[in-house]
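Down below is the structure, laid out as C-alpha cells.
The values are calculated or read from the model by the stated rules, or taken from the named source; none is laboratory data. Everything quoted here is computed from the prediction, not taken from an experiment. We place every Cβ from the backbone using ideal geometry, glycine too, and count neighbours over all the protein chains shown.
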Amino acid sequence: MFRMWGKIIKNGKILRDHVVCIEDYSLTRTKKVYKSLDELCQEFQIGVPLWLELNKKDFICFNKTRFNQDSFIDTIDFDYLEFQLIEDDY
C-alpha cells in the first residue's frame, strides 16, 4: 500500500491532518504522489500547490516536503502544508 500524510501547520501546530492510501498498483510512484497531493488538497479544501524546485529536491531526498505561500496561487491562511511519504509499496 502507498500512504501519504498531509498536515496543515500554523504557528507550529497541526490544524488538520489526513492520510491518503492508494492501492492502485498500476500507477507509477510519481503518479501516486501527485494523486495523493490532489486528494489531500480536496480533503483540506485548498488549491493544489505548485511543485517548486526546492519541493522536488526535498521530496527526492527526504520523502517529505513543505509547501508554503510561494507554492500556492491563492492566499493561504496557514504557514505551510507538509506532505510526507509514510509507506511505499515498492
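At a glance:
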| read-out | value |
| --- | --- |
| Residue match in region 64-73 (condition: in contact with an Asp or Glu (Cβ under 8 Å, 6 or more places away or on another chain) and modelled with pLDDT under 95) | no |
| Members of region 1-43 found to be of a type outside the set (Val, Ile, Thr), part of a helix (DSSP H, G or I) and either buried (at least 17 other Cβ atoms within 10 Å of the Cβ) or free of Cβ contacts under 8 Å to residues at least 40 places away in the same chain (or both), listed by number | Lys31, Lys32, Tyr34, Lys35, Ser36, Leu37, Asp38, Glu39, Leu40, Cys41, Gln42, Glu43 |
| Extreme residue, nearest to the chain's Cα centre (by Cα), among residues of region 44-90 that are polar (S, T, N, Q) and in a helix (DSSP H, G or I) | Asn55 |
| Meets criteria (in contact with a strand residue (DSSP E or B) (Cβ under 6 Å, 6 or more places away or on another chain), without any contact (Cβ under 8 Å) to a residue 12 or more places away in the chain and either closer than 15 Å to Met4 by Cα or surrounded by fewer than 17 Cβ atoms within 10 Å (Cβ to Cβ) (or both)) for Asp79 | no |
| Selected residue (criterion: farthest from Lys10 (Cα to Cα)) from residues of region 44-76 that are surrounded by 14 or more Cβ atoms within 10 Å (Cβ to Cβ) and β-branched (Val, Ile, Thr) | Val48 |
